Amino acid sequence: MTLVTEPPKANFRLGMLIYDTRYRSYTIQVIVLILFLMGVAWLANNTIENLAAKDKDINFGFLWNRAGYDIDQHLIPYTNDDTHFRALLVGLGNTLVVALVGCFFSTILGVIIGVLRLSKNWLVARLMTIYIEIFRNIPLLLWIILVYVVFSETRPAPRDFKIVEGQTSAAHMNFFDTIAVTNRGTNVPAPLLTNPLPTVHLGFLPISLSLIAVIVVIAASIYANILLRRRTKVVQEATGIRPTIWWKSLLILCVPVVALLFAMGLHWEYPVFKGFNFNGGINIAHSFTALTIALTLYYASVIAETVRAGIQAISRGQSEASAALGIRPGRIMSLVILPQALRVIIPPLISQYLSLTKDTSLGIAVSYLDLRGTLGGITLNQTGRELECMTLMMLIYLIISLIISAVMNAYNASVKLKER
Amino acid sequence: MSLLYVRRDMLAPQAPPASQTGAIRWIRENLFSGPFNTILTLLAIWTLYQLIALSWPWLANGVWSDANSMADCRAVVAANAGPDASGACWAMIRERWHQFIFGFYPPELWWRPILTFALLFVALAPVLYSDNKGAVAKMCGVVGVLMVLCLIGADGFSAHTVFAAAVMAALTAIAATKPRLLLIVTLLFPFVALWLLWGGAVWGPIVALIGFMVLAVVYGFVAPKLGPVMGASIGFIAACLWWLLLQSYVSEAWQALLPFELIEVDSDKFGGFLLAFVIGVASISISLPLGILLALGRRSDMLLIKTLSVGFIEFVRGVPLITMLFTASLLLQYFLPPQTNFDLILRVVILVTIFSAAYNAEVVRGGLAALPRGQYEAADALGLDYWQAQRLIIMPQALKISIPGIVSTFIGLFKDTTLVSFVGLADPLRGITTIVRADIAWKGIYWEPYIFVGGIFFIVCFGMSRYSMYLENKLKTDHS
């Protein structure tokens, strides 16, 4: 007697391809594959025919031609004599800068608003609810355009800042005469070094060693601070007494950076009104400011909702238990609730960072020259190579998205509950 | 013996001290319970005061009529409130509201979009309130009355008003007596809307509808023998044959036989919220079923289908909507056979649908993943096949879990309809507002149009999110 029932060895009939569930999935897959390949072939064929009809070909060589247009905001050196490829890189850099700044500020603002929305303070909670509902339910595009229009139409022209002897000027600079917001842009002080470290030219990309040095020192201080906290924890667990370390932390975090900057001779160059416009300092275009502010305000409301949902997902027992242990309300939030809520918050937060990054492409509304503005905008219009530009642009956005989600998923995996 | 120290009669309870009752206690507990809270409250009050102090004079001095340009507005404000006062110029909306709502749709035909919009609610009512018969009839009635008011406001009292009112009255009567019949309106609505909005011969949409009937009939014949998948595919092929080969001949023949048409309106006349709603409603209604299919494909056992679904979803979610829209306007001409040139609105609807279908697919997949395995196993144990199990057991639960996500995708989609301005369509936010602001008469106006457009978006999106909360509550079956 065999324990395993042998499947009936019926002769294979053609009908079984449809009626027999064992074979049907193969039938369906083969049909789908054929249809898919036919579809792809059809599209490819159409594309070839259309390109032939317009006397075009697929050729990415145009990327090495002279771009011929200016980009005001560039992170790497760029002039209009550079290639389209370099313009692409500049645009990519601008996209990433807005995305990074937007993610950073919207996270801070979003966490504050999300926590305050759950506050016991009736007035504050209501205000935060109103903020969230207003920003969530109105298109991001409106905020971008509105902020831009308000900046560029309500602010005074640079000439209004002119100071004539004996008269008060029509407009004033803000923050102790360091920042001037005109209708053309925001003039902020520029950091300058009297004795900087040399700059290394790495092929096309100049790298300022001073900046690297600052970053390295900050990273080292943070690492040293982590070591200090770890040691404190060991001491606390061994003796039961937590040594006071806040001043040590402060010293470790601040002194090296300040010392380095002092050694390099950091000073600020303030924007000064001269002739017809502001000289010195850095001029930040309103397109960048508007895009950043709008993305921050809008995504803060979205992130606030995520944070609120995450906090509410933690059962009341946790906060009650901590209260019973005698922990103060502020510390309950930071020591008990937030670390647990973080696990719930992070996955949706990842997708919000992703959408924020993709929404930087709305900079088109305020003529911000990001990746879409350079590669998918001016380069595309100048060269007339829609197919190549669009494909390349989609590919780059796709790669950015995949990288963000990969990094964030790795982080998510590391904070996930370790179960059996 | 008497125990004199024992009180014989109970004292009446005393009223709590003044600081522990009523408004004072509430204010103490909710606004000033500690130093931190007090600071927060004071900050909030200060912010509110600043906001009101800034915006109130501007709102209060608002000019609603008697102005046809920014200069008029400023003159009126100066006359009413003094030379330095600021005032809103709502007169712009009084003058330009029709562009914000209808774009460049011919004024004598405004009754058509208005009727379509009213029919949209009639079509939605049986879906939105599936178990509340009274609400359906009430909704139809209210929408009908509002529609008549809008028609009279926009168009004056005309034959069209009477016709539209009669249609709505008949539908309300049906809703009050046999609400289930309204589902037919729901099914017919896309074709009716297509015809009412774009005009042309009535036979086009009718013959297109017959294509779906062909699909249904073929499915009815084939599905019992070969299963639902084969039935649907063969039916779809038959319907495609109908649309591609017979559609134009049949509709032309009928048009020659029984000519009946509305004045045609070109797609470039569409604009404003009319455009936003056309794109939004069309994409929302197609993207949900498509998203469900994609989610099922992603969880399929069949490797090829799974790979294709994953590739599609991840690609679409990885690129910004703007690039998809530019694909619609720039690249589609390369992918389609030479000399095909179809409507830009249709192209945009297709791309927006694809975009939001990928997002819906992920939301539905989350709902599917949240179902315990036991549900699938129970369905198998009952002997249900794949589609029966999906229809009867899996989907009702999975969709219920994913309602909030689906609705927020829809809200996102509706907000994203504003992006179509970048491919040259006149959306209310950027398209129309730019036109208004470019007019020399309204030069320098910025808060008012954005507040108006943002307000309408807010109402629609907020309404959708409230409805999703209502639906969640209604479908909630767990305890507590």
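Here are the numbers:
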{"item": "Pairs with Cβ under 9 Å, 6+ apart, first in the stretch B:330-348 and within 12 Å of chain A (Cβ to nearest Cβ) and over 30 Å from B:Phe273 (Cβ atoms), second buried (at least 18 other Cβ atoms within 10 Å of the Cβ) and of a type in the set (D, E, K, R)", "result": "B:Tyr334/A:Glu386"}
{"item": "Filtered residues of the stretch A:22-43 (kept if within 9 Å of another protein chain (Cβ to nearest Cβ), within 24 Å of A:Leu387 (Cα to Cα) and open to solvent by less than 90 Å² (accessible area, probe 1.4 Å))", "result": "A:Leu43"}
{"item": "Enumeration of residues in the stretch B:150-162 that are surrounded by fewer than 17 Cβ atoms within 10 Å (Cβ to Cβ) and within 26 Å of the chain's Cα centre (by Cα)", "result": "B:Ile152, B:Gly153"}
{"item": "Residue in the stretch A:91-102 that is modelled with pLDDT under 95, surrounded by 23 or more Cβ atoms within 10 Å (Cβ to Cβ) and more than 14 Å from the chain's Cα centre (by Cα) present", "result": "yes"}
{"item": "B:Leu413 being part of a helix (DSSP H, G or I) and either more than 14 Å from every other protein chain (Cβ to nearest Cβ) or not hydrophobic (A, V, I, L, M, F, W, C) (or both)", "result": "no"}
{"item": "Test: residue in the stretch B:52-61 that is open to solvent by 60 Å² or more (accessible area, probe 1.4 Å), within 14 Å of another protein chain (Cβ to nearest Cβ), on the phi < 0 side of the Ramachandran plot and out of contact with any Asp or Glu (no Cβ under 9 Å at 6 or more places or on another chain)", "result": "yes"}
{"item": "Qualifying residue in the stretch B:302-312 (condition: among the small types (Gly, Ala, Ser), surrounded by fewer than 15 Cβ atoms within 10 Å (Cβ to Cβ) and more than 29 Å from the chain's Cα centre (by Cα))", "result": "no"}
{"item": "Test: residue in the stretch A:269-283 that is within 30 Å of A:Gln352 (Cα to Cα) and among the aromatic types (Phe, Trp, Tyr)", "result": "no"}
{"item": "Elements of type strands (runs of 3 or more DSSP E) in the stretch A:179-242, at least 3 residues being open to solvent by 80 Å² or more (accessible area, probe 1.4 Å)", "result": "none"}
{"item": "Segments classed as helices (runs of 4 or more DSSP H), wholly inside the stretch B:85-187, with at least 3 members that are within 30 Å of B:Pro57 (Cβ to Cβ) and either in contact with a Gly (Cβ under 7 Å, 6 or more places away or on another chain) or polar (S, T, N, Q) (or both)", "result": "B:91-102"}
{"item": "Criterion (within 30 Å of B:Tyr249 (Cα to Cα) and more than 23 Å from the chain's Cα centre (by Cα)) met by exactly one of B:Gly227, B:Gly220", "result": "B:Gly220"}
{"item": "Complete set of residues in the stretch A:243-277 that are outside any loop (DSSP other than H, G, I, E, B) and more than 30 Å from the chain's Cα centre (by Cα)", "result": "A:Trp246, A:Trp247, A:Lys248, A:Leu251, A:Ala259, A:Phe262, A:Ala263, A:Met264, A:Val272, A:Phe273, A:Lys274, A:Asn277"}
{"item": "Cβ pairs under 7 Å, 6+ apart, first in the stretch A:28-50 and of a type in the set (A, V, I, L, M), second open to solvent by less than 70 Å² (accessible area, probe 1.4 Å)", "result": "A:Ile28/B:Val229; A:Ile28/B:Met302; A:Val32/B:Leu304; A:Val32/B:Ile305; A:Leu33/B:Leu304; A:Leu43/B:Phe335"}
{"item": "Test result for A:Ile112, modelled with pLDDT of 75 or more, closer than 30 Å to B:Leu413 by Cβ and among the hydrophobic types (A, V, I, L, M, F, W, C)", "result": "yes"}
{"item": "Unique residue being outside the structural domain of B:Glu95 (by TED's automatic domain parsing), assigned to a helix (DSSP H, G or I) and either open to solvent by less than 50 Å² (accessible area, probe 1.4 Å) or in contact with a strand residue (DSSP E or B) (Cβ under 7 Å, 6 or more places away or on another chain) (or both) when the list is B:Pro404, B:Pro449", "result": "B:Pro449"}
{"item": "Of all residues making up the stretch A:277-304, the number that are under 22 Å from A:Ser351 (Cβ atoms) and outside the structural domain of A:Phe151 (by TED's automatic domain parsing)", "result": "0"}
{"item": "Scope the stretch A:316-330; condition over 20 Å from B:Gly34 (Cβ atoms) and surrounded by fewer than 13 Cβ atoms within 10 Å (Cβ to Cβ); matching residues", "result": "A:Arg316, A:Gly317"}
{"item": "Residue in the stretch B:291-322 that is farthest from A:Val40 (Cα to Cα), counting only those that are facing another protein chain (nearest Cβ under 10 Å) and small (Gly, Ala, Ser)", "result": "B:Ser300"}
{"item": "Selection from the stretch A:260-297 of residues that are of a type in the set (A, V, I, L, M) and open to solvent by 30 Å² or more (accessible area, probe 1.4 Å)", "result": "A:Leu260, A:Leu261, A:Ala263, A:Leu266, A:Val272, A:Ile282, A:Ile284, A:Ala285, A:Ile293, A:Leu297"}
{"item": "All positions within the stretch B:416-444 that are facing another protein chain (nearest Cβ under 10 Å), open to solvent by 20 Å² or more (accessible area, probe 1.4 Å) and in a helix (DSSP H, G or I)", "result": "B:Asp416, B:Phe422, B:Arg430, B:Thr434, B:Arg437"}
{"item": "Subset tally (residues that are open to solvent by 10 Å² or more (accessible area, probe 1.4 Å) and either farther than 25 Å from B:Phe335 by Cα or under 16 Å from the mean Cα position of the chain (by Cα) (or both)) for the stretch A:369-398", "result": "4"}
{"item": "Residues (buried (at least 21 other Cβ atoms within 10 Å of the Cβ) and of a type in the set (Lys, Arg)) located in the stretch B:349-401", "result": "B:Arg365"}
{"item": "Total residues in the stretch A:68-81, condition free of Cβ contacts under 8 Å to residues at least 24 places away in the same chain and open to solvent by 40 Å² or more (accessible area, probe 1.4 Å)", "result": "6"}
{"item": "Single residue of A:Ser405, A:Ser401, A:Ser414 found to be assigned to a helix (DSSP H, G or I) and open to solvent by 60 Å² or more (accessible area, probe 1.4 Å)", "result": "A:Ser414"}
{"item": "Any hit, the stretch A:129-152, residues being surrounded by 19 or more Cβ atoms within 10 Å (Cβ to Cβ), outside any loop (DSSP other than H, G, I, E, B), of a type in the set (S, T, N, Q) and more than 9 Å from every other protein chain (Cβ to nearest Cβ)", "result": "yes"}
{"item": "Which numbered condition A:Ile58 fails, given (1) open to solvent by 70 Å² or more (accessible area, probe 1.4 Å); (2) without any contact (Cβ under 8 Å) to a residue 24 or more places away in the chain", "result": "(2)"}
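The values are calculated or read from the model by the stated rules, or taken from the named source; none is laboratory data. Remember, predicted model here, so these are calculated numbers, not experimental data. With ideal geometry, Cβ positions are generated from the backbone for all residues, glycine too; neighbour counts draw on all protein chains shown. Each accessible area value is taken on the protein alone, full model and side chains, heavy atoms only, with ligands, DNA and RNA left out. Shrake-Rupley method; radii C 1.70, N 1.55, O 1.52, S 1.80 Å.
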